[in-house]
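Working notes for the structure below.
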Amino acid sequence: MTPRVVELIERKRDGGRLTSDEIDALVQGYTTGDVPDYQMSAFCMAVVWRGMDAKETAALTAAMVRSGERLDLSRFGRVVDKHSTGGVGDKTTIVVAPLVAACGVPVAKMSGRGLGFSGGTLDKLESIKGYRVDLTTAEFVAQLERIGIVVTGQTADLAPADGKIYALRDTTGTVPAIPLIASSVMSKKIAAGARAVVLDVKVGRGAFMKDLTSARALAKTMVAIGVAHGLAVTCELTDMEQPLGRAVGNSLEIAEAIATLRGEGPADLVELTRLAGAEMLRRGGRARDRKGALARIDRALEDGSGLAKLRELVAAQGGDVGMVDDPSRLPRAPRVETLRAARTAYVARIAADEIGIASVRLGAGREKKGDPIDHRTGIVLRAKVGDQVERGEPYVDIHVAGRPEDADAIALVHRAFGWSPRRVPRRRLVLGRIASRPAA
């Protein structure tokens, strides 16, 4: 007989192990509503404190997959997915997915909403008027067949347990736990039918993994889960001490993604886009080596085919393509506050977590489950670490909507910057890679 839920919580709280059957019963019970939110949140907190071993993590992932359907996309060839563990200003998916699809590799992407101070791809895409993120499974498959790309939210019948647990973790302080992150990410990828996955594991203040050791542990866990389910997996470890790109906030990030597809993106976002895109092509069987893959991604950037594919994606999901053609039509905040340098100096630090928290206070993210998003607000960095700013020059623009929290957010942005009178080196973006065997 399966132990009572409270017994499972207590055993994990005390550092004990759970069997696969016990984990499955807990997950299926939560999916059906037999296990209430307060018990699942207690279990998640026990995992945060006590962790899970490899078998438990694998069992949790499998249980999430079994909570719903598992798509078979084999008729489309080698479908590739991409995922980021979450950061500040990370709009890479919106750039790289259309580029890869334009190169002939089908991209099937189920994205999430903002989690903590980390922005969500769905929230960003909803800045585009009419863009649907609630496709059914049938619509998901039909669109992939028709145009070779889909970026939507998690459907109700694919890993529904993860959808519920994901929302719960965001509001119960249980986001940063390797077993919970790994099982959440990989259950979606397995259920959605991808054959290969490229994962961007963020490291630093603006990431859930604060140091390289924990980031490597997460990457190894996700690679092992993928291999066990027949997926080819590559994890790129990338820096998140400062925000990625210059824009933080939903419509601002969409505008920056469009600019990048037009060949006008910030250097770090372009670098990460090329890196992830090339690996997706290689894993998708469209390039024999990295050099050839990079050349194909560069062509899709230069000839406009990536931008055309984004336009096609937006149109297919009901969005206003006029906003892609003219990003000035995207939602805009009524006022912009600009901070200027008090003295000539080099930017030594931009604390990504503080920038992320500030953007939430501006309305660009959620303080609690169910909060509305203000797509207009956010932050645009005019300078990055290593840049010199002259006295009186602007170094950041803060797009505000007149909320009571605006003053606190502006003060937090001010504190996020550190300065040095001496030249400061640029931050290295790519910190490492962990991967399964190369794709055939």
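Laboratory data are not the source of any read-out in this text; all were calculated from the coordinates shown. Because the structure is predicted, anything quoted here is derived from the model rather than measured. A quick note on method: Cβ atoms are made from the backbone with ideal geometry, for glycine too, and the neighbour counts reach across all protein chains shown.
Return the FRET efficiency for the residue pair ASP37, LYS129: r is the Cβ-Cβ distance, R0 is 30 Å, and the value is rounded to the nearest 0.05.
Taking R0 as 30 Å, the efficiency between ASP37 and LYS129 is 0.35.
Taken about its Cα centre, segment 146-198 carries a charge dipole of about 180 debye when Lys and Arg each add +1 at the Cβ and Asp and Glu each add -1 at the Cβ. Computed over segment 5-51, relative contact order equals 54 percent, with contacts defined as Cα pairs under 8 Å that lie 6+ residues apart. A straight chain from SER214 to ASP72 at 0.36 nm per residue would run longer than the Cα-Cα distance by 47.8 nm.
Placing +1 on the Cβ of every Lys and Arg and -1 on the Cβ of every Asp and Glu, with no other charges, gives segment 332-420 a dipole of roughly 60 debye about its Cα centre.
Fully extending the segment from ALA342 to ASP326, taken as 0.36 nm per residue of separation minus the present Cα-Cα distance, adds 2.2 nm.
Across segment 1-86, the relative contact order, built from alpha-carbon pairs under 8 Å that are at least six residues apart, equals 34 percent.
Which length gain, in nm to one decimal place, applies between ASP298 and THR137 when the Cα-Cα distance is subtracted from 0.36 nm times their residue separation?
54.7 nm
Classification of segment 5-51 by its C-alpha gyration tensor yields an oblate form. The axis ratio a/c (a ≥ b ≥ c) is 1.5 or more, and b/c is at least a/b.
Computed over segment 351-404, the quotient of the alpha carbon radius of gyration and 2.2 N^0.38 Å is 1.32.
Pairs of Cα atoms nearer than 8 Å and 6+ residues apart set the relative contact order; for segment 332-420 it is 47 percent. Classification of segment 149-238 by its C-alpha gyration tensor yields an oblate form. The axis ratio a/c (a ≥ b ≥ c) is 1.5 or more, and b/c is at least a/b. Every helix of 4 or more DSSP H residues in the chain counts as -39500 (n - 2.57), and over all residues that averages to -13500 deg cm²/dmol at 222 nm. Net charge of the neighbourhood of ALA161, taken over other residues with C-beta under 14 Å away and scored Lys/Arg +1, Asp/Glu -1, is -1. Measure up LYS124/LYS210; LYS124/LYS220; LYS188/LYS291; LYS164/LYS368; LYS55/LYS368; LYS82/LYS124 against 26 Å on the Cα-Cα distance and list the ones that go over. Beyond 26 Å between Cα atoms: LYS124/LYS220; LYS188/LYS291; LYS55/LYS368.
Mean projection of the Cα convex hull over all viewing directions, computed for the chain: 20.3 nm². Protection proxy ranking for 192-198, 218-224, 26-32, using the average of other Cβ atoms within 10 Å per residue and placing the highest first: 192-198, 218-224, 26-32.
Dipole of the chain computed with +1 at Lys/Arg Cβ and -1 at Asp/Glu Cβ about the Cα centre; of GLY319, ASN250, MET186, farthest Cα towards the positive end is MET186.
For segment 276-424, report the % of Cα-Cα distances exceeding 24 Å.
55
Think of each Lys and Arg Cβ as +1 and each Asp and Glu Cβ as -1; about the Cα centre, that makes the dipole of the chain roughly 1260 debye.
So if we plug the beta-carbon distance of ALA228 and ARG382 into 1/(1 + (r/R0)^6) with R0 = 30 Å, what FRET efficiency do we get, rounded to 0.05?
0.05
Does a label point 7 Å from the Cα of GLU145, set along Cα-to-beta-carbon, have any residues of segment 71-106 with amide nitrogen under 19 Å, and which are they? Only 71-80, 105-106 fall inside the zone, counting backbone N under 19 Å.
Projecting the Cα positions of PRO36, GLY15, ALA25 onto the charge dipole of segment 5-51 (unit charges on Cβ atoms of Lys, Arg, Asp and Glu, taken about the Cα centre) puts GLY15 furthest along the positive direction.
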